[in-house]
Amino acid sequence: MRIVYVSDERYPSTHTDTQQVMMTLDALAGAGADVHFVIPAFSEGPHAAAQVADARDYYGTKNPFPILPIDSGNPERRALVKPTHGVRGTRMARKIGADVLYTRTLPTLLAALGRGLPTIFESYRVIDRRFPRIARVFGRIASSPNLLGVITHSGVSADGFRRCGVPDEKLQVIHNGFDAATMDPPLSKKEARALCGLPQDDCIALYTGHVNANKGMETLAELAARTPEIHHVWVGGDAGGDTSFGAQCISDAAAPNITLAGWVQPGEVGRHLYAADILLIPPAAAPLTRTGNTVLPMKTFAYMAAGRAILAPDLPDLREVLEDQRSAWLVPPDELDVAVQALQTLQGDPALADRLGAAAREDGLSMSWDRRGERVLAFITQQFNSL
């Protein structure tokens, strides 16, 4: 099975979706697929070769697969690159001899269907609520025999495509995963804190991921201000690793107990998770219900694998993998008093925190990228064979 994945994103990048794509392709290659990856080139010649090397190093891929940067215009002007790369990437896929084209972008999907290529589309979005015009497009192309299927990262997202008219036999929910290599070997809190330069004796509540206006960071800053006895750590930043938004949130909330650790490479995230007593997903609804950019956040799976207590909002996407009071403490979103009480309870009851963390790890260890790659390949093969 030769799968050509076409992405119009810039690689490497701090954007979470680029990590998701690279880890999925790495897992597909490990599962035995013949994978080729077509991306926009920064520039030609030796710079393109350096781009490939940088991408492999940044994401820590372990399985070999060709990465093919092609000229699609200035990668900083994505509004122009998206349609150009869709056409040129599809042309490259035909040249390579793709059995299936795989993508997350609509222009590429339409270009591939126009050229008669069997195509798999992947999405994390609640498409009909976030992009109603695009949802109508899916309603029109859902019956195309060359649209083999739509893989979504959550049931919440799948429901959106179902409402657009995509039939059930073309829909497959395959949750994201965690990189087992970054979580192995497991570290004690003492070992991890020594590696991360964090205090040994503090109760540490930790967040990893993007730190921007779409992630509920203001709520997380207020939570920290209300729990001064707990040392909060934010690992991450905005696009390009910028930490200025996080610093502003900390200042606005008057929360000096937050350490803004900044961005780290994906391979360094695991040690920070092991350093925590409690792992945080901002207890706010807006990232899911208003901005729509955070649907079953990818960090959830690494959190689970770390075996630490998770405090998160009680929302339908997270309930797909977390069970309240068994593998996490889920609190009503936007009810800060409840979140404060829950966090303080976890601080004061280490046995409870350990129990929640152990259950999360038990559930999460089956959710590796390798396992996801096997499931993705099985679905693609099934849909291709049904043509």
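Suppose we keep only residues that are touching a residue at least 40 places away in the same chain (Cβ under 8 Å) and of a type outside the set (S, T, N, Q) within the stretch 156-172. Which one would you say is nearest to Y124 (Cα to Cα)?
V156
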Only one of E122, E191 that is crowded, with 20+ Cβ neighbours inside 10 Å, closer than 25 Å to Q265 by Cβ and of a type in the set (D, E, K, R): E122
Pair list, Cβ < 7 Å and 6+ apart or interchain, from the stretch 115-140 residues that are without any contact (Cβ under 8 Å) to a residue 40 or more places away in the chain to residues that are crowded, with 16+ Cβ neighbours inside 10 Å and acidic (D, E): A135/D128
Residue count, the stretch 210-222 (criterion: over 15 Å from S251 (Cβ atoms) and in contact with a Pro (Cβ under 7 Å, 6 or more places away or on another chain)): 4
Total residues in the stretch 288-320, condition within 14 Å of H153 (Cβ to Cβ), assigned to a helix (DSSP H, G or I) and at pLDDT below 95: 1
Single match in A111, A79 (criterion: free of Cβ contacts under 8 Å to residues at least 12 places away in the same chain and either outside the structural domain of T152 (by TED's automatic domain parsing) or of a type in the set (G, A, S) (or both)): A79
One residue from T219, T182, T243 being buried (at least 20 other Cβ atoms within 10 Å of the Cβ) and among the β-branched types (V, I, T): T219
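The values are calculated or read from the model by the stated rules, or taken from the named source; none is laboratory data. Computed from a predicted structure; not experimentally measured. Using ideal geometry, Cβ is built from the backbone for each residue, glycine included, and neighbour counts are taken over all protein chains shown.
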